[in-house]
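In what follows, a single structure is set out as structure tokens and then discussed.
Please treat every number below as a calculation from the coordinates, not as lab data. None of these values were measured; they are calculated from a predicted model. No Cβ is skipped: glycine too gets one built from the backbone with ideal geometry, and neighbour counts run over all protein chains shown.
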């Protein structure tokens, strides 16, 4: 029998509750840095909850945060159990959310492709590549001002 949207609703409740715990400083672990809970995926039987988070810092800070979250998991699970009415409190599994890094990488690649296209267009038009780079820098420096691509040469 399908569960409908109940796992989604329970996941959202868990995310809100955990976010509140972490933002209020109820969890007293200095290893937990600045993190953002991005989403919670609850299995259809409501027995497991994967909590995805993102954090600032390098790989070492990410490891410290993961260990601190692992240490704080029993406390957070007890808090969830006392505030959400479920037969059984789901097991919490914290995972670093890499989708943010993937999105940044995709944006970087797209930006590089646009730069390459602009250089190719400038080379095919006969303009020196430095002039195109300067025009692109002007366009990105002031995005509110419309950029006029017309050529003033006569």
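Along its first, second and third principal axes, ordered by size, segment 6-97 spans 37, 23, 17 Å in Cα coordinates. Of all DSSP beta bridges confined to segment 6-97, the antiparallel ones make up roughly 55%. With R₀ fixed at 25 Å, the C-beta to C-beta distance from residue 95 to residue 116 puts the FRET efficiency at about 0.10. Each peptide in 111-121, 91-101 receives the mean, over its residues, of other Cβ atoms within 10 Å, and ordering these scores from highest gives 91-101, 111-121. In this label model, residue 102 and residue 29 are separated by 2.6 nm, measuring between points 7 Å along each Cα→Cβ vector.
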